[in-house]
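The values are calculated or read from the model by the stated rules, or taken from the named source; none is laboratory data. It should be emphasised that the depicted structure is a prediction, and the values quoted were computed from it without experimental measurement. Every residue, glycine as well, gets a Cβ built from its backbone with ideal geometry; the counts of neighbours run over all protein chains shown.
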Amino acid sequence: MKKTLSLAVVVTALIFIAKPATAQTVIAGTSFELATSVDMVQYTDTGNPAVNHALANNAGQPQLNFVASGGEIGYTSYYWNTRNDEGLTDGDWVGPTTYTGDVVSWPDGVQGIQISDADGKMTITMDTLDISGVTDPKLSLEWFLNDGGWEVEDVVRIWVTVEPGSTEIDILNTAGFDIDDMAIVGDWWFSQVDLTGFTSVTLAFENDSNSSYESLFVDNVQLTGVGTVVDDIFLDGFESGSTTQWSSTVGGP
């Protein structure tokens, strides 16, 4: 049975119970199936952890930047020095992965993407999608936080930036809360944003934590509606699936 997640304390937009959706087309999306994952290999940053910087792809390591192809949305990664610590220079479990030890299984396909133990903050930003020609646009994703002993200074955020107005709409923002007290760990959650009235959308998610047991996993990102996005590389080409996970829905403007 699908349950509904009330994120009233962490979401800035209207939350309402998800209703059965009318027939829509998946216009764009990703399950991170095509990005390179490397079993049992950590990503090691070669940059200066004292300085905020974009994270580069390293040969033989999980791919932290992916150019859209094969129907999957692209993404980039960035590190922020929020803790004056070693950042990702010590080697950490971030980026695309097939690992299911925490999540049991991926909602769609055999891979997802994760951020953990950044000893600072790591942000993954998806490509901006032009939705000006889409009717009834909605963006959804599934996310998982493992049960790893979070502290109040650990912050996980998932949000979209929409135009016009460069408005940020939080899907999840744990700032000011102890994640362990929020009853959101140890399960896959389904969240959906109503994008009616907007012309473009950019999804981003980040994790500011300092333990490999404090992990954010994301999978099954989908833009649905009636119409097309500007770039046809986002049409079809990625795996689809169904879940019976918990859900939340965020209203539009």
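For VAL156, are the conditions met, namely being touching a Leu at 6+ places or on another chain (Cβ under 6 Å), in a strand (DSSP E or B) and modelled with pLDDT of 95 or more? Considered against the rule, which asks whether it is touching a Leu at 6+ places or on another chain (Cβ under 6 Å), in a strand (DSSP E or B) and modelled with pLDDT of 95 or more, VAL156 comes out as yes.
When you scan segment 165-191, how many residues do you find that are among the β-branched types (Val, Ile, Thr) and either assigned to a strand (DSSP E or B) or surrounded by fewer than 17 Cβ atoms within 10 Å (Cβ to Cβ) (or both)?
Of the residues in segment 165-191, the ones among the β-branched types (Val, Ile, Thr) are 167, 169, 171, 174, 179, 184-185.
Next, from what is left, pick out any that are either assigned to a strand (DSSP E or B) or surrounded by fewer than 17 Cβ atoms within 10 Å (Cβ to Cβ) (or both): 167, 169, 171, 185.
Matching residues across segment 165-191 total 4.
Look at segment 135-159: where a residue is β-branched (Val, Ile, Thr) and a partner is assigned to a loop (DSSP other than H, G, I, E, B), sitting 6+ places away or on another chain with Cβ atoms under 6 Å, you get VAL152/ASP178; VAL155/THR174; VAL155/ALA175; VAL156/THR174. Looking only at residues in segment 192-227 that are of a type outside the set (S, T, N, Q) and part of a loop (DSSP other than H, G, I, E, B), the one that is farthest from the chain's Cα centre (by Cα) is GLY197.
Suppose we filter ALA50, ALA68, ALA23, ALA8 for residues that are among the hydrophobic types (A, V, I, L, M, F, W, C), at pLDDT 95 or above and farther than 16 Å from MET126 by Cα; which single one remains? Before the answer, list the steps.
Values: ALA68 fails: farther than 16 Å from MET126 by Cα; ALA23 fails: at pLDDT 95 or above; ALA8 fails: at pLDDT 95 or above.
After ruling out the rest, the residue left standing is ALA50.
Of the residues making up segment 149-164, those that are in contact with a helix residue (DSSP H, G or I) (Cβ under 9 Å, 6 or more places away or on another chain), of a type outside the set (D, E, K, R) and surrounded by fewer than 20 Cβ atoms within 10 Å (Cβ to Cβ) are GLY149, VAL152, VAL155.
Restricted to strands (runs of 3 or more DSSP E) entirely inside segment 35-134, those with at least 1 residues that are surrounded by 14 or more Cβ atoms within 10 Å (Cβ to Cβ), touching a Phe, Trp or Tyr at 6+ places or on another chain (Cβ under 6 Å) and of a type in the set (Lys, Arg) are 120-126.
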